[in-house]
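Accompanying notes for the structure given below.
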Amino acid sequence: MRNLQVNGERLWASLMELARIGATEKGGVCRLAASDLDAEARRLFIRWCEEAGCAVSVDGIGNIFARRAGKNPDLPPVMSGSHLDTQPTGGRFDGAYGVMAALEVVRSLNDIGYETEAPFEIVAWTNEEGSRFSPAMVGSGAFAGVFGLDEALATPDNNAPGLTLGGELRRIGFAGPAPVGEHPVGAYFEAHIEQGPILEAAGLPIGIVTGAQGQRWYEITVTGQEAHAGPTPMPRRRDALVGAARMIDAVNRIGHAHAPYACATVGFIQSSPNSRNTIPGRVFFTVDFRHPDNDTLTAMDRELRAACAEAAATQSLDCAVKEFWYFPPTPFDPRLVGAVRDAAAAQDLPHRDIVSGAGHDAVYVARVAPTAMIFVPCVGGISHNEIEDAKPDDLTAGCNVLLNAVLEAADASP
Ligand SMILES: [Zn+2]
């Protein structure tokens, strides 16, 4: 196998320049999807791609593709990228690393005048974070046919009633003319920071991502009866918040019961009327379950429903459990995962297999194209935080693996 190297300093410099767009005082980035800052980052990315000789197109959901020609224009492109949007208190590397690493692959191939057989495309997917517009991964999801285009464009702004993803993309000039999907991909690679502590703790620069955890997201509404906090005796209460508290505790217990791989989180709760001297009549909260094994995820679902029913019954409450979002565990393509592993081994980079705990654009792309991911460690395992950090050497190592895995796929005989 070839063993080409990227220019790690150039990769770092581009990451740092990109991180200035939306930079926060604490050293992070706030660059919400389809905001003015997102547009500025997109324009910088497009300028860099054009300077690197790529042909840029934008599709109807704002996904940006930058194509470097190959010897054989009839082959489907090898593609790599990630996202440019961030969480409101996000870091400099989540998403940005995958896009800049793919750009660095192009620049490195240009440096030595290397022509791949298949074309190579850099992609920046729209609204991966799902923070301003929920759900997450809307651009890659629309590309993969998970969401219809109209449905994706109609995704509402969580904090500004009346605004939609489609309207905001039009406003910033990124509702493009290219069709969404109908875009064959020969192979897709995504480089990303791990966003967890495993690689750092093991002292390994490279994670070979074999697939992504399955996820089940729920919206749960508990209904009791509002009543005066003084005159209502304890036995007569139908306190929705007490019921919800028991359900939330059950969620946590279910997570622990399926250790070490299960994750179970309640991250959002609204109690109504949220008044200190009124017994809560209605509580709304969310549940996020994750596990790499679908049978376990199904068992967790059963346990959640049973726990909610029991907590509701003992407090004389009504409880509605609505599954809001589900995607099954996603194994990545064995051949491409092997190409990533071979690239790491060829460069003597210590590595291990790992399952992605987070959702990524790659998880949706995997439905329409052979897909693999490369993880690099992030400091302290911290992400979705302004202090998110990564070591330049690890970022360079991940990009070297990406470059050589891309070449393996792009030059493979069809
Ligand atoms: Zn990300």
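Details
- Relative counts (whole %) of C-alpha pair distances in segment 61-187, using bins that are 10 Å wide: 13, 39, 32, 13, 2, 0
- Within the accessible area of the chain, the carbon and sulfur atoms contribute 51%, probe 1.4 Å, all protein chains present.
- Debye, to nearest 20: dipole size of segment 1-50, +1 on Lys, Arg Cβ, -1 on Asp, Glu Cβ: 160 debye
- Under 24 Å from the Cα of residue 391 - lysines, other chains or at least 8 residues apart: 26
- Each peptide in 50-57, 141-148, 9-16 receives the mean, over its residues, of other Cβ atoms within 10 Å, and ordering these scores from highest gives 141-148, 9-16, 50-57.
- Separation of segment 1-30 and segment 312-336, taken as the distance between their Cα centroids, equals 36 angstrom.
- Three-way shape call for segment 1-58 based on the alpha-carbon gyration tensor, with the a/c threshold at 1.5: oblate
- Reported value for the chain: 139 Å³ per residue, from the convex hull of its C-alpha atoms.
- Order of exposure, largest accessible area first, which applies to 125, 325 with probe 1.4 Å: 325, 125
- Taking Lys and Arg as +1 and Asp and Glu as -1, the other residues whose beta-carbon sits under 12 Å from that of residue 56 total +1.
- Charge dipole (the chain, unit charges on Cβ, about Cα centre) - positive-most of 336, 109, 134: 134
- The mean accessible area for residues of segment 90-171, using a 1.4 Å probe and ignoring ligands and nucleic acids, is 31 Å² per residue.
- In segment 219-282, the ratio of gyration radius to Kirkwood radius, Rg to Rh, stands at 1.10 when only Cα atoms are counted.
- Highest-fluctuation residue, 337, 251, 209 considered, GNM on the chain with Cα pairs under 10 Å: 251
- Shape call, segment 228-362: gyration tensor on alpha carbons, a/c limit 1.5: prolate
- Sequence-separation-based contact order of segment 232-284, relative, with Cα cut under 8 Å and 6+ spacing, percent: 41 percent
- Couplings 3J(HN,Hα) of segment 260-268, computed from phi: x, 8, 6, 10, 9, 9, 10, x, 9 Hz, in residue order, whole Hz [Karplus 6.51 cos²θ - 1.76 cosθ + 1.60, θ = phi - 60°; x for Gly and Pro].
- Candidates 285, 332, 120: whichever shows maximal mean-square fluctuation once the chain is modelled as a Gaussian network with Cα springs under 10 Å: 285
- In the chain, the DSSP beta bridges split such that about 70 percent are antiparallel, to the nearest 5.
- Charge tally in the Cβ shell below 14 Å around residue 336, where Lys, Arg are +1 and Asp, Glu are -1, residue 336 excluded: -4
- Nonlocal amide H pairs with residue 373, under 5 Å, H built at 1.01 Å: 190, 209
- Helical runs (DSSP H, four residues minimum) scored at -39500 (n - 2.57) apiece and divided by the length of the chain put the mean residue ellipticity at 222 nm at -10500 deg cm²/dmol.
The values are calculated or read from the model by the stated rules, or taken from the named source; none is laboratory data. All figures in this text were calculated on a predicted structure; none of them were measured in a lab. Every residue, glycine as well, gets a Cβ built from its backbone with ideal geometry; the counts of neighbours run over all protein chains shown. All accessible areas refer to the heavy atoms of the entire protein, side chains included, with ligands and DNA or RNA removed. Shrake-Rupley method; radii C 1.70, N 1.55, O 1.52, S 1.80 Å.
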